Amino acid sequence: MSHSLLFFPVSEDLSRIFVAVGYGFFVEMKHDEALRFIDKKTSQLTAFTETLTKDSAKIKANIRMVLEGLRELQGLTDLPESRRRDVF
């Protein structure tokens with residue numbers, strides 16, 4: 001799914017433009033309507049990004065907890081900090 005926004009003039013009338021709203025659909029809007037749409041879409045995408053960031057941090061923490069549990073069960077020592085690498 002693409003979230004890119006494309007804008008191009010409808011015709012010689014530059015007061016209206018087509019805005020890509022997703023799934024290959026374009027909507028004809030006035031400039032002020034397009035700006036409001038862009039603001040709303042930007043807010044939605046920012047919120048979605050924040051949610052994904054939080055989810056990925058939880059997953060990363062869970063992976064580390066499982067790895068530590070496996071190390072304990074197998075009687076292994078923890079890897080030194082120099083040999084560790086970040087997954088994300």
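The values are calculated or read from the model by the stated rules, or taken from the named source; none is laboratory data. None of the values given here were measured: they were computed from a predicted structure. Cβ coordinates were reconstructed from backbone atoms using ideal geometry, including for glycine residues, and neighbour counts include every protein chain displayed. For accessibility, only protein heavy atoms count, side chains too; no ligands or nucleic acids. Shrake-Rupley method; radii C 1.70, N 1.55, O 1.52, S 1.80 Å.
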Distance in nm between residue 48 and residue 65 label points, each 7 Å along Cα→Cβ, equals 2.9 nm
Computed about the Cα centre, the charge dipole of the stretch 13-73 from +1 Lys/Arg and -1 Asp/Glu charges at the Cβ has a magnitude in debye, to the nearest 20, of 220 debye
From most to least accessible, 1.4 Å probe, no ligand or DNA/RNA atoms counted, 28, 72 line up as 72, 28
